[in-house]
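Novice: Below you will find the structure I want to go over with you.
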Amino acid sequence: MASSSASSFPGSVITMASSAAAVGAASSGAAGTGSPCAACKFLRRKCQPDCVFAPYFPPDNPQKFVHVHRVFGASNVTKLLNELNPYQREDAVNSLAYEADMRLRDPVYGCVGVISVLQHQLRQLQQDLTRARYELSKYQASVGCNGTPAMADFIGNTVPNCTQNFINISHSTA
């Protein structure tokens, strides 16, 4: 029932479990009766049934907690999770895990560096799309004037001029 997906960056340890699976892990083996959660195992303490970490740091993925602990500290994460409503905790832990993973890869920028790169790519793609739409409109305008595309007009002119191909026969002197 648990669905997991890895981040698009190689070597990432971030996994996301469905809410039902996280709650099920907390009530079944991870919180007291079976294997301790990754946080309690790393901190070398007994995993209590009401452990705030157990639903979000399963024992099969210890690196997730190690990274979060290294960047934010266990006590800060505990305080944060206790201040949140239970339905917000999973998203918060996934955000913390992603930020911690990116902060360890790039200590200066963290995930802001990734966001900056993606924003730059988005701006570049928007410019490319605008340029392609403009070229398409130039082509459509040149087709609309004569009925056939005049490639010399299309390639040579920056702004299509439909009147340049029009021959005014009524004013000619012949």
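The values are calculated or read from the model by the stated rules, or taken from the named source; none is laboratory data. Keep in mind the model is a prediction, meaning the values are calculated, not measured. Heads up, the Cβs are rebuilt from the backbone with ideal geometry, glycines too, and the neighbour counts pull from every protein chain shown.
Novice: List the number of the failed condition for P62; all other conditions in (1) in contact with a Phe, Trp or Tyr (Cβ under 8 Å, 6 or more places away or on another chain); (2) within 25 Å of D50 (Cα to Cα); (3) in contact (Cβ under 8 Å) with a residue 40 or more places away in the chain hold.
Specialist: Failed condition: (3).
Each row is one residue, and each column tells you yes or no for (1) surrounded by fewer than 19 Cβ atoms within 10 Å (Cβ to Cβ); (2) in contact with a Leu (Cβ under 6 Å, 6 or more places away or on another chain); (3) modelled with pLDDT under 70; (4) under 16 Å from V93 (Cβ atoms).
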{"site": "A17", "(1), (2), (3), (4)": "no, no, yes, yes"}
{"site": "A26", "(1), (2), (3), (4)": "no, no, yes, yes"}
{"site": "C51", "(1), (2), (3), (4)": "no, no, no, yes"}
{"site": "D60", "(1), (2), (3), (4)": "yes, no, no, yes"}
{"site": "F65", "(1), (2), (3), (4)": "no, no, no, yes"}
{"site": "S75", "(1), (2), (3), (4)": "yes, no, no, yes"}
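Novice: Tell me which helices (runs of 4 or more DSSP H) are completely within the stretch 40-116 and hold 1 or more residues being among the acidic types (D, E), or say none if there are none.
Specialist: Values: elements: 62-72, 74-83, 86-105.
In the stretch 40-116, the matching helices (runs of 4 or more DSSP H) lie at 74-83, 86-105.
Novice: Answer with yes or no whether E99 is under 23 Å from the mean Cα position of the chain (by Cα), over 20 Å from C37 (Cα atoms) and in the same structural domain as A39 (by TED's automatic domain parsing). Walk me through it before giving the result.
Specialist: Details: under 23 Å from the mean Cα position of the chain (by Cα): yes; over 20 Å from C37 (Cα atoms): yes; in the same structural domain as A39 (by TED's automatic domain parsing): yes.
Yes; evaluated as a whole, the condition is true for this residue.
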